[in-house]
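The values are calculated or read from the model by the stated rules, or taken from the named source; none is laboratory data. Predicted, not measured: the structure shown is a model, and the values here were computed from it. No Cβ is skipped: glycine too gets one built from the backbone with ideal geometry, and neighbour counts run over all protein chains shown. Side chains included, ligands, DNA and RNA excluded: accessible areas come from the protein's heavy atoms. Shrake-Rupley method; radii C 1.70, N 1.55, O 1.52, S 1.80 Å.
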Amino acid sequence: MKSKSPESEQYLSASNRITGSIVLVIGALGLLDVLLEWRTTTGLMVSAIIGMFMVLAYVGLIRPSVTLSPENVLLRNHLRDHRIPWSKVTGVDVTDILRVHVDGGRFRAPGVQLVMRDLRKQRVGSRKANAESSISKAEFVVNRIETHQEQYAATSGGEIQNSWAVPELAIFGVLAVIAVVAAVVR
């Protein structure tokens, strides 16, 4: 989902997106094979299960992201979206994943995360992190969020909005029902 503002910025894990895309392509090939060769209720059940795994791959690997706009920061997690106005943001940091702090709590954003290899290098004290490391990328996102917070906190308003990933949950639920019905009918 792209923001309507031309000034929006989106940050996500490229490696997760690539892995998720590969899983979705393999799943699509499996669905095509079932469609062409296995037109029975068992094939329908298998297709529904493959579809459920494809939804899980999308939700787990492709969906998480962080989008910055002049109005708010949008944290798309696996199953929830958090739209936080800049006036509500009190801080931001990165432990293993990005955390946006608000009064009375914090929201975690798996769209920006650190790779364990980079954390080990930092802990050991080996050479400085290069520009391609996950630490450098995460620090860049933290700096961008802090810049947006300073720039837009006075002009943004409203409350924090939390919503569920309704389309993904609905698709998964429909596929689960199809799998159960096909299993009972066969």
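Observations
- Of the residues making up segment 162-186, not one is among the aliphatic types (A, V, I, L, M), touching a helix residue (DSSP H, G or I) at 6+ places or on another chain (Cβ under 6 Å) and outside any helix (DSSP H, G or I).
- Restricting attention to segment 1-13, the residues that are open to solvent by 60 Å² or more (accessible area, probe 1.4 Å) and either of a type in the set (A, V, I, L, M, F, W, C) or modelled with pLDDT of 90 or more (or both) total 3.
- Any pair with Cβ under 9 angstrom, 6 or more apart, that starts in segment 161-186 at a residue that is over 30 Å from Ile84 (Cα atoms) and in contact (Cβ under 8 Å) with a residue 60 or more places away in the chain and ends at one that is open to solvent by 80 Å² or more (accessible area, probe 1.4 Å) and of a type in the set (A, V, I, L, M): Ile178/Leu44; Ala179/Leu44; Ala182/Leu44; Val185/Leu44; Arg186/Leu44
- Filter pass, Ile84 being among the hydrophobic types (A, V, I, L, M, F, W, C) and part of a strand (DSSP E or B): yes
- The set of residues in segment 85-107 being farther than 13 Å from Val66 by Cβ and touching a residue at least 40 places away in the same chain (Cβ under 8 Å) consists of Pro85, Trp86, Ser87, Lys88, Asp93, Val102.
- Residue that is farthest from Lys88 (Cα to Cα) [pool: residues in segment 28-74 that are open to solvent by less than 20 Å² (accessible area, probe 1.4 Å) and in a loop (DSSP other than H, G, I, E, B)]: Arg63
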